[in-house]
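The values are calculated or read from the model by the stated rules, or taken from the named source; none is laboratory data. Every value quoted in this text rests on a predicted model; they were computed, and no experiment measured them. Here the Cβ positions follow ideal geometry from the backbone for every residue, glycine too, while neighbour counts run over all protein chains shown. Quick note on the areas: whole protein, heavy atoms, side chains included, nothing else; ligands and nucleic acids left out. Shrake-Rupley method; radii C 1.70, N 1.55, O 1.52, S 1.80 Å.
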Amino acid sequence: MSAMKTEDAANGKSTANGGGVVYEEGGVTVLSPTDLSEMLAAGTKEVHEKAENTEFVKDFLKGRIRKELFKLGHVALYFTYSAMEEEIERNKEHPQFAPLYFPHELHRRDALARDLEFFYGEDWEDQISISPATQRYVDRIHQIGHEQPALLVAHAYTRYMGDLSGGQVLRKVAQRAMKLPPTGEGLNFYEFDGIHSAKAFKQLYRSRMNELELDTHTKEKIVEEAILAFQFNVEIFGELEEVGKTLQDDVLDAAPAHGEMQGDISQCPYYAAKMAASGGSSYICQMAMTVLKNPSGQVLLAAWIAALAGLAAWYLM
Ligand code: HEM
């Protein structure tokens, strides 16, 4: 990979760092492929694409968001950030993490707690529980925090840089799809009040990562750990997809724009209204299917069949 140039609002000086050299060239910082930020971006490229292509994430981007799944996703994030920020606090003075300690700007635990209170009510803590995939992620974060604090960088990078990169888009999609209040309730997770420019902050964070005193072996271990962190996220998405299969369609709260609807025209309310007005037989079929899909419809139908069978038996007696 060739060296990449980037504007560096935060750095403004030449630094030697663990084999990689960052130096100034006409006001821009030239990054070396051995800089941790470069190694992380290159090393996680493939697994990043994998995360982007999970069904859960693709559905989310299309605005097909089931509120129940969104809430469970937030629960997973709450446990993940609680573990990560606990370990960050424990290691805030560790020389291989201290320059990345930005609690005011980055920490998400409290924002997630506010969102969960909005979704589940005051007793939200009694209502939530940790899923198996989230538990594995959390266990790993605690293990790293205790045994190899330098690798905590990988976990912080994977989540915070990701949140700063796609957060605003996801916030807008979620708000529109779930018709959440424009005032931001339920979406605090996506709000970084302490950060004016996500782009400038990411540059600062990258330059801080590059200034850490790390040898090449440790940098490689951090990249491996970041890949693992992405995989934990992918596992959680997989778990949410499985839960999604068990939910009734009517839990689908999203209201995607017309062009975003894929294939199933019966989802269009205008189509249903038009068919009802014209008395089309396919609409009657659709109605029957809707009744059958609905558990209370199934009970009603079973009751009708039982009554008819009883009537036939009485007539034949
Ligand atoms: C909806 C799916 C996703 C899309 C479309 C997406 C898109 C992007 C884009 C465009 C960037 C580059 C931003 C920039 O150059 O400033 C980025 C960066 C990043 N994303 Fe994602 N992303 C997605 C999902 C994820 C997930 C699930 C994670 C991890 C859990 C993640 C972690 C990251 C990280 C760590 C970076 C920083 C890369 C770097 O600059 O080194 N992303 N993402």
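Hey, for a label at ASN53 modelled as a point 7 Å past Cα toward Cβ, could you say which residues of the stretch 213-233 have their backbone N under 20 Å away?
Under 20 Å, as judged by backbone N against the label point of ASN53, lie 227-233 of the stretch 213-233.
Starting from 0.36 nm per residue, how many nanometres of slack lie between SER165 and SER129 once their C-alpha separation is accounted for?
Stretched fully, the SER165-SER129 segment lengthens by 10.1 nm.
Per the Kirkwood formula on distinct C-alpha pairs, the Rh of the stretch 81-156 is how many angstrom?
So the Kirkwood estimate lands at 13.5 Å.
Enter the mean projected area of the convex hull around the alpha-carbon atoms of the stretch 191-241, in nm², rounded to one decimal.
5.2 nm²
Using unit Cβ charges (K, R positive; D, E negative) and no other charged atoms, how large, in debye to the nearest 20, is the dipole of the stretch 27-78 about its Cα centre?
Rounded to the nearest 20 debye, it is 420 debye.
Seen from all sides and averaged, what is the projected area of the convex hull of the Cα atoms in the stretch 130-217, in nm²?
The Cα convex hull of the stretch 130-217, projected and averaged over all directions, gives 7.9 nm².
Got a number for the accessible area of THR246? Probe 1.4 Å, square angstrom, nearest 10.
So the heavy atoms of THR246 present about 110 Å² to solvent.
Report the FRET efficiency, 1/(1 + (r/R0)^6), for GLU122 and ALA198, where r is their Cβ-Cβ distance and R0 is 35 Å, rounded to 0.05.
0.60
Considering every pair of different Cα atoms, what Kirkwood radius, in Å, is found for the stretch 69-113?
The Cα-based Kirkwood calculation yields 11.2 Å.
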